[in-house]
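The values are calculated or read from the model by the stated rules, or taken from the named source; none is laboratory data. Model, not experiment: these values are computed from the prediction. Positions of Cβ are backbone-derived with ideal geometry, glycine not excepted, and every protein chain shown enters the neighbour counts.
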Amino acid sequence: MTSLIAFLIAFPLVVGAILLVITRASIRNPIVLVSAAAIGVASIATVVTFGNGDAVFFGLPGGIVPGQALLAVEIAMTAFIVVISLVNRRILAPIMAVAQLGIALFLELTGRMPEADAGRLFWFDRLSMVMVLIIGLIGTLICVNAIGYMRDYHRSNPMIKGRRNVFFSLLFVFLAGMFGLVVSNNLPMMLVFWEITTLCSFLLIGYTRTEETLGYAFKALNMNLLGGLGFGLAIALLSNQPNGLDLAKLTAGPVSGTLLAAVALLAFAGITKSAQMPFSSWLIGAMYAPSPTSALLHSSTMVKAGVFLLLRLSPAMSGSAVGYMVTFVGLVTFLFVSLVAATEQNTKKVLAYSTIGSLGLIVGCAGIGTPELAWVGVMIIIFHALAKGLLFLVVGTIENRLYTKDMENFDTLISRLPRVSVLALAGIAGMFIAPFGIVVAKWAAIRAFLLVPGGQGAAMIVIMAFGSSLTLFYWGKLLIKVLSMRSVSAYERSIEGRISRYEWLTEGALAVGVLAVTASIGIISDRVVGPYALSAFSAGPQTLLNIEPAMLAVMLAAVLFLPLLALRVSSRSYDEADFYTSGRGSNAGHVMGAALGGSRSVTLRNYYLDGVINGALMFRVGTVASGAILVAMVATGLVVR
Amino acid sequence: MAHILLVDDDPVVVANNTAALKAIGHTVAAVSTTAEASAAVHLALPDAVVMEGMLDGAFAGFDLARSLAHDFPALPLIMLTRADEHLTPRELAEQDRDGGWLPVRRYLEKPVSTDVLVYEVDHLLPGAH
């Protein structure tokens with residue numbers, strides 16, 4: 001198994017280096033396909049050879065300690081950030097990158113950095129296993145999807161100077177960074193992988209290199225580097241603690257004193273990475289990147305690195321004031337981004353807000369630190385990676401066919417792009433309809449919050465219930481848009497035929513994955529997530545969810561029946577009637593005479609809470625509220641301890 | 001607002017797009033051949049041109065796009081076309097390049113809803129974004 005993990009980290013790096021020099025699509029595409037398949041197989045093999053599920057610790061072959069090599073990579077990345085920032089006249093990013101490198105150099109040169117335990121560099125347990133499968137299967141599917149997406153993207157934007165060799169190279173380097181991150185046990189090594197993902201995200205957001213996208217890329221870089229700086233400070237605090245840099249030993253149980261301060265700083269890093277408020281704006285800006293980037297980095301995997309770290313820290317935060325504050329950062333974020341999402345018309349941004357909200361729920365679960373909530377957190381990670389990854393890819397496919405991300409233009413989608421609509425429905429259902437995992441997990445979360453000592457659980461349940469009702473509202477709106485029907489011409493229907501087979505293959509696989517994982521939720525809970533939650537916390541869980549297979553089957557059948565019916569009905573043709581209103585037409589358009597001589601224009605559109613909720617204002621309020629909690633959290637960790 | 005030139009030989013498309021662009025305050029002129037389009041652009045430079053690729057009974061729209069881009073590099077061109085139906089796989093493969101295969105800002109396959117057209121035109125006009 002250890003050699004397979006080495007393969008998972010090294011192989012994508014090699015592929016990335018090869019793809020960088022290949023500019024011909026006809027050579028690039030087979031390499032991407034074969035490499036993706038190899039990584040997928042290797043990740044499954046890793047899990048198969050994992051054995052009985054007990055955590056495994058191991059080092060590099062020959063007992064090599066990567067100390068100097070890590071420093072060299074850090075120096076190279078810092079130099080790159082400094083150069084690219086100064087070329088683009090940005091000053092904040094290089095300052096933070098240099099500060100972070102300064103900490104590492106200081107520790108290394110003054111001999112304060114303890115020697116890493118050569119046999120415990122890596123840590124593979126059931127949580128790593130879940131993440132490896134997500135990166136190895138969902139991540140590679142998204143890479144394959146990008147072949148088709150990027151071709152159409154460049155075809156319809158002929159004047160954007162493409163660099164697809166760089167694009168695909170970055171995707172694979174990113175996969176290597178993610179694999180490394182989720183199996184790291186040594187914190188300085190984890191930080192290097194952490195920064196690799198930050199750098200890939202920055203470069204992919206800025207792919208088109210317009211002023212606009214460069215601005216968003218630097219925003220993402222700044223916020224993630226700030227988190228990296230927190231990570232670096234945590235390492236500095238831990239460097240003189242016995243076993244401090246060994247993540248498994250650090251998080252074996254509740255901590256206090258300096259260790260808690262370091263955990264608070266690490267949690268801060270996790271919160272920036274998972275785009276929780278006050279750092280949510282970077283993820284919204286990241287939506288200007290091509291859709292496969294959004295699916296891979298900003299939904300399925302990279303932002304999950306943040307919640308992965310928080311789940312790792314969960315036993316250490318358990319019961320502490322820091323943990324409770326982490327929870328409230330997550331829940332406040334969930335509530336406010338759900339409010340904003342209900343007012344948003346750009347579908348990709350709705351998906352982004354929804355992503356931040358789902359991550360907020362996981363952060364909320366991680367902060368409390370009970371086995372039940374860790375179970376919920378991992379379940380949301382799995383289902384969200386599948387369903388949201390799928391939705392981002394589907395929206396990308398629609399965008400390349402209809403040239404729009406506006407939810408209002410998605411109406412009658414089931415008539416125009418029927419098969420794509422079914423894929424979209426699978427993703428939407430996965431996000432908010434029972435018995436799909438996220439709803440099951442939310443229900444389990446409400447039950448687990450009830451058990452939180454001291455009564456804070458009531459506030460958490462209220463926030464969750466209110467936020468979840470908003471998610472129901474915005475997913476419902478999108479669902480209705482997709483499901484509305486009209487007659488379409490044969491030519492209009494033919495545009496679905498232009499979708500590439502790469503997109504059909506990958507989106508179909510993800511849709512099947514949503515269903516398959518839902519159908520096997522009982523097995524996943526009993527064999528993987530449940531044992532993980534038990535072993536991470538010394539106390540056994542009292543109320544892990546017991547899922548009734550028969551009930552699950554009935555609900556799944558009911559959910560599957562509707563889209564199939566819709567698909568069948570959608571091919572009929574309709575007599576379209578003109579709209580009827582009881583007013584007097586005041587011109588030839590859709591303006592009607594109203595009472596007292598006024599006039600009203602008739603529109604048929606969704607309700608975005610116009611005039612009721614100001615989305616931008618809510619975003620600011622949430623940012624301020626969450627920011628205040630975050631400051632209190634770090635202060636509690638550093639000062640109060 | 002802005003002055004938009006529509007080049008299309010399908011009267012239904014011209015009528016719909018003209019109405020949509022006029023509704024948000026643009027002035028619109030419509031022509032149906034490359035010769036008329038060339039003449040119209042040289043007579044009074046529009047702020048943007050929305051053109052079909054299949055003109056004059058062939059692929060003349062593509063040549064028009066290239067010559068307009070050559071003569072007026074700052075003029076935003078949007079191509080709305082049904083050319084894809086007539087392209088061979090080989091021709092499609094030639095468009096699979098990292099940009100630069102045609103000097104237009106946006107290349108959109110019909111049908112394109114008027115909402116999308118309005119958004120694209122607004123997005124590409126000088127001064128916007």
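Observations on the model:
- Any hit, segment B:22-35, residues being at the interface with chain A (Cβ under 10 Å from one of its Cβ atoms), at pLDDT 90 or above and within 15 Å of the chain's Cα centre (by Cα): no
- Single match in A:215, A:244, A:253 (criterion: in a helix (DSSP H, G or I), at pLDDT below 95 and not basic (Lys, Arg)): A:215
- Failed item, numbered, when residue B:78 is tested on (1) within 11 Å of chain A (Cβ to nearest Cβ); (2) over 22 Å from residue A:150 (Cβ atoms); (3) in contact with a Lys or Arg (Cβ under 8 Å, 6 or more places away or on another chain): (2)
- For segment A:88-101, the tally of residues that are surrounded by fewer than 15 Cβ atoms within 10 Å (Cβ to Cβ) and of a type in the set (Lys, Arg) stands at 1.
- Of all residues in segment A:497-538, those being closer than 29 Å to residue A:366 by Cβ and part of a helix (DSSP H, G or I) number 25.
- Of the residues making up segment A:134-184, those that are touching a His at 6+ places or on another chain (Cβ under 6 Å) and modelled with pLDDT of 90 or more number 0.
- Residue count for segment B:38-71, restricted to those that are aromatic (Phe, Trp, Tyr) and away from chain A (no Cβ under 14 Å): 1
Residue-wise test of (1) closer than 23 Å to residue A:240 by Cα; (2) exposed (fewer than 15 other Cβ atoms within 10 Å of the Cβ); (3) at pLDDT below 90.
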{"residue": "A:86", "(1), (2), (3)": "no, yes, no"}
{"residue": "A:103", "(1), (2), (3)": "yes, no, no"}
{"residue": "A:106", "(1), (2), (3)": "yes, yes, no"}
{"residue": "A:110", "(1), (2), (3)": "yes, yes, yes"}
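- Condition met for residue A:82 (touching a helix residue (DSSP H, G or I) at 6+ places or on another chain (Cβ under 6 Å), farther than 25 Å from residue A:179 by Cβ and not hydroxyl-bearing (Ser, Thr, Tyr)): yes
- Taking segment A:437-489 as the range and being among the polar types (S, T, N, Q), part of a helix (DSSP H, G or I) and surrounded by fewer than 16 Cβ atoms within 10 Å (Cβ to Cβ) as the test, the residues that pass are A:456, A:469.
- Test set (1) within 11 Å of chain A (Cβ to nearest Cβ); (2) buried (at least 16 other Cβ atoms within 10 Å of the Cβ); (3) over 14 Å from residue B:6 (Cα atoms) - residue B:115 fails condition number: (2)
Each row is one residue, and each column tells you yes or no for (1) more than 16 Å from residue A:225 (Cβ to Cβ); (2) in a helix (DSSP H, G or I); (3) of a type outside the set (A, V, I, L, M, F, W, C).
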| position | (1), (2), (3) |
| --- | --- |
| A:259 | yes, yes, no |
| A:263 | yes, yes, no |
| A:267 | yes, yes, no |
| A:272 | no, yes, yes |
| A:279 | no, no, no |
| A:283 | no, yes, no |
| A:295 | yes, yes, no |
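- Wholly enclosed helices (runs of 4 or more DSSP H) of segment A:346-436 bearing at least 2 residues in contact (Cβ under 8 Å) with a residue 12 or more places away in the chain and touching a Cys at 6+ places or on another chain (Cβ under 7 Å): A:371-402
- Qualifying residue in segment A:124-141 (condition: part of a helix (DSSP H, G or I), within 14 Å of chain B (Cβ to nearest Cβ) and crowded, with 20+ Cβ neighbours inside 10 Å): no
- Residues of segment A:78-95 satisfying the condition of being more than 22 Å from residue A:211 (Cβ to Cβ) and under 27 Å from the mean Cα position of the chain (by Cα): A:78
- So residue A:109, is it hydrophobic (A, V, I, L, M, F, W, C) and free of Cβ contacts under 8 Å to residues at least 24 places away in the same chain: yes
- Residue match in segment A:21-29 (condition: in contact with a Ser or Thr (Cβ under 7 Å, 6 or more places away or on another chain), crowded, with 17+ Cβ neighbours inside 10 Å, in a helix (DSSP H, G or I) and hydrophobic (A, V, I, L, M, F, W, C)): no
- Where a residue in segment B:78-107 is of a type in the set (Phe, Trp, Tyr) and modelled with pLDDT of 90 or more and its partner, wherever it lies, is surrounded by 15 or more Cβ atoms within 10 Å (Cβ to Cβ) and not in a loop (DSSP other than H, G, I, E, B), with Cβ under 6 Å and at least six apart: B:107/A:156; B:107/B:79
- Taken together, A:413, A:390, A:423 contain a single residue that is buried (at least 21 other Cβ atoms within 10 Å of the Cβ) and within 14 Å of another protein chain (Cβ to nearest Cβ), which is A:413.
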